[in-house]
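A short worksheet on the structure shown next.
The values are calculated or read from the model by the stated rules, or taken from the named source; none is laboratory data. As the structure is a prediction and not an experimental result, all values here were calculated from the model. With ideal geometry, Cβ positions are generated from the backbone for all residues, glycine too; neighbour counts draw on all protein chains shown. These accessible areas exclude ligands, DNA and RNA; they are computed on the full protein's heavy atoms, side chains included. Shrake-Rupley method; radii C 1.70, N 1.55, O 1.52, S 1.80 Å.
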Amino acid sequence: MLEIKNLNVWYGAIHAVHDISMSIARGEIVTLIGANGAGKSSTIRAIAGLVKGAKGQVTWTGKDGRPVQLLGRPPEYMVKLGISLSPEGRRILPQLTVEENLMLGAYIRSDKDGIQADIEYCYRLFPRLKERRGQKGGTLSGGEQQMLAVARALMSHPDLLMLDEPSLGLAPILVEEVFATISEINREGRTILLVEQNAYAALRIARKAYVLETGAITLQGTGAELLENPKVKEAYLGG
Amino acid sequence: MNFSMFLQHFTNALGLGSMYGLIAIGYTMVYGILRLINFAHGDIFMLGAYFVFFATIQYKIPWALGLVIAVLGATACGLLVDRIAYRPLRDAPRISALISAIGVSFFIENASIVAFTGVPRNVIQPKLLMEPFALGTVRLIPLSLMVPVISFVLAAGLLWVIYRTKQGLAMRSISHDIETTRLMGVSVDKTIALTFAIGSALAAVAGIMWALRYPKVEPLMGMMPGFKAFIAAVFGGVGSVAGAMLGGLSLGFIEIMSVAFFPKLSGYRDAFAFVLLIVILLVKPTGLLGEKLEDKI
Ligand SMILES: Nc1ncnc2c1ncn2[C@@H]1O[C@H](COP(=O)(O)OP(=O)(O)OP(=O)(O)O)[C@@H](O)[C@H]1O
Ligand SMILES: [Mg+2]
């Protein structure tokens, strides 16, 4: 459903992403792993329409089977196509309540009943958010904010859910919980592109994986293959 | 001072203050989102006043229709200012947009002097609004009650939009984090345009009421009320609509009451606002209802 060919990202003279190609099929979890500064966020942000200096081809094929070129379109266009991003660092609106943050995620929709049903669905995925529905986003703990960020990205009812480091700053037990929920979201039929530094957790749930190093893809394979790959073991899994 | 005189001053202060408040809302909303002082805002106020003057007095269009035309006309001008002078500078340093704002303001003022001449023109008030009536021992004209009532109704309506609608949610969200708001599918340009439209429409209403109250229009009539409304916005807490109204009312009361109780100070009337600005910046820079922008990473 998403075909990336020769994607390059430039920030002025900095060449952050070199000619990478990836493909994501409907229903998969695909993960992109790599160290700090490898270009993971740049890639995912380019797909979301947030990066001005992105060149190459990013082709989206929606349910209607019509291919669309994404580069050069604004982020709101991607959301309408069915792509949503939970950004790095959560980016919860601190002065809005939990529920208002979720409503914001549903901005492009106007089916009141459907939105309400999806809010309930998010509360079932993350029961802790329900207890805190009227609380200001800024007063949530880091883990709760991460749950809210994932839930908010679900509220547009995306075909492709992109998550940028959902494990960032979470305690190991919470990482387990969030990754279990990601798998569950996927089992319900949503395609997921997962950017992670926590390679072990990501590779375990991913169907397909890409390793990014200083802006270029150096390895790819199934999650299971890369878990066994000696180079990956050494560099990302602590030997 | 007897009680009925006090009530007279009280209604004056309420009227003046609520007009400052209406103008201040436009400053505060635009600043809240773009961190930009829209210097041209006072000129939109002036254009609203001129448009109603031309529509109803020059071209004898009925008042009801003339009001609509004036508000729509000034709103269109406000949108045009954003489109031409601010939108191209969205990614530029803030100082560029500020300079552009000053430029637009001078442009509108001078173009108005050319187009409308600098000579003040008298506004003929509709009789209906001027028939005095007695409220207890006080004699009032309908206009002086209408001004605060209309202002409060509009401000309340705006608060409803901001806190109860999707567009309001987008506005509140944009003022904190533009990028994340875009990721939710919000078109930033459209939301900013909506903000300018609302601010300009309110300024136009204030301009029309001002023209009726001090019955004349002139090209520079927006400058002083504009400055004062800006101070009201800072006083109330930049970014807060309720704060803008509160700031406007405070300023109206300080101005009217200090002159009423100390007539000797009447020459300093315009200075009070600026003294207030200095004091608030020294004592409480976030204003009465302003929130500190705090983010948790
Ligand atoms: N806005 C920007 N302007 C200039 N350089 C940038 C910008 N954003 C990212 N870069 C640079 O691009 C490179 C890739 O950054 P990116 O954020 O994509 O890395 P990442 O893989 O997401 O890292 P992390 O795991 O730390 O989030 C880095 O060298 C970074 O300094
Ligand atoms: Mg990153």
Considering each residue of region A:79-96, count those that are open to solvent by 50 Å² or more (accessible area, probe 1.4 Å) and facing chain B (nearest Cβ under 8 Å), and give that number.
2
One residue from B:157, B:168, B:199 being crowded, with 22+ Cβ neighbours inside 10 Å and of a type outside the set (D, E, K, R)
B:199
Residue check, residue A:171 of a type outside the set (S, T, N, Q) and within 16 Å of ligand 2 (Cβ to nearest atom)
no
With the checklist (1) among the aliphatic types (A, V, I, L, M); (2) in a helix (DSSP H, G or I); (3) within 16 Å of ligand 2 (Cβ to nearest atom) in hand, flag the one item residue A:115 doesn't pass.
(3)
Those residues of region A:189-226 that are in a loop (DSSP other than H, G, I, E, B) and either without any contact (Cβ under 8 Å) to a residue 24 or more places away in the chain or under 14 Å from residue A:34 (Cβ atoms) (or both) come to a total of 5
Just need a number here: residues in region B:13-37 that are open to solvent by 10 Å² or more (accessible area, probe 1.4 Å), under 28 Å from residue B:118 (Cβ atoms) and not hydroxyl-bearing (Ser, Thr, Tyr).
1
Assigned to a helix (DSSP H, G or I) and under 21 Å from residue B:57 (Cβ atoms): is that true of residue B:158 in this structure?
no
In the set A:99, A:76, which member is over 26 Å from residue A:209 (Cβ atoms), at the interface with another protein chain (Cβ under 10 Å from one of its Cβ atoms) and in a helix (DSSP H, G or I)?
A:76
Mind checking whether some residue in region A:198-207 is open to solvent by 60 Å² or more (accessible area, probe 1.4 Å), within 16 Å of ligand 2 (Cβ to nearest atom) and of a type outside the set (A, V, I, L, M)?
no
Evaluate region A:49-56: report whether one residue or more is assigned to a helix (DSSP H, G or I), in contact with a Lys or Arg (Cβ under 8 Å, 6 or more places away or on another chain) and either open to solvent by less than 70 Å² (accessible area, probe 1.4 Å) or within 8 Å of chain B (Cβ to nearest Cβ) (or both).
no
Condition test on residue B:174, is it more than 9 Å from chain A (Cβ to nearest Cβ), closer than 20 Å to residue A:106 by Cβ and in contact with a Gly (Cβ under 8 Å, 6 or more places away or on another chain)?
no
Considering only region A:215-235, I want to know if a residue exists there that is of a type in the set (D, E, K, R) and either within 16 Å of ligand 2 (Cβ to nearest atom) or over 25 Å from residue A:20 (Cα atoms) (or both).
no
